[in-house]
Amino acid sequence: MPVDVVLADDTVFIPDVVVHAPRCFRATGPRSPPGRRSGRPCRPVEVHSPRTRLVDLELKRVKLGEAGCPHYRLVDPDLPALRCLALRDGAYEEVVLSEGAAVVELDEPSGCG
């Protein structure tokens, strides 16, 4: 089921995949529709398509960083590639780039950091 991620009153995204901790990411209210959550997800993942590439790389990256999401994943199925970003000093830095069939192991704390 798609999940609406409410980062602010004027900012709602639907990530392709989202990992979250209940203490950071909760229903928007007692009458909120199913799948609508507010707060910061721990690890949103976006899978690029020609239609979403610019939004994933620019707009969502900025807004998720502003919301304090500690990690952001970008998948490019055309290469194929996985870019793992970590929020450091208010901006995302690429911590891992995996291309092709390479296996990625990340040393990250669980939870929202």
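Bear in mind that the values in this text are calculations on the coordinates, not laboratory data. No experiment lies behind these values; they were computed from the predicted model shown. Cβ: placed from backbone, ideal geometry, glycine included. Neighbour counts: every protein chain shown.
Brief remarks follow.
- Evaluated at q = 0.14, 0.15, 0.18 Å⁻¹: base-10 log I(q)/I(0), Debye formula over Cα of segment 4-99: -0.50, -0.57, -0.80
- Across the alpha-carbon atoms of segment 54-113, the computed radius of gyration and Dmax are 11.9, 32 angstrom.
- Summary of packing: across the peptides 58-67, 96-105, 45-54, the per-residue average of other C-beta atoms within 10 Å ranks them, highest first, as 58-67, 45-54, 96-105.
- Note on residue 36 and residue 79: their simple-model spin labels are 3.6 nm apart, each label 7 Å out from Cα toward Cβ.
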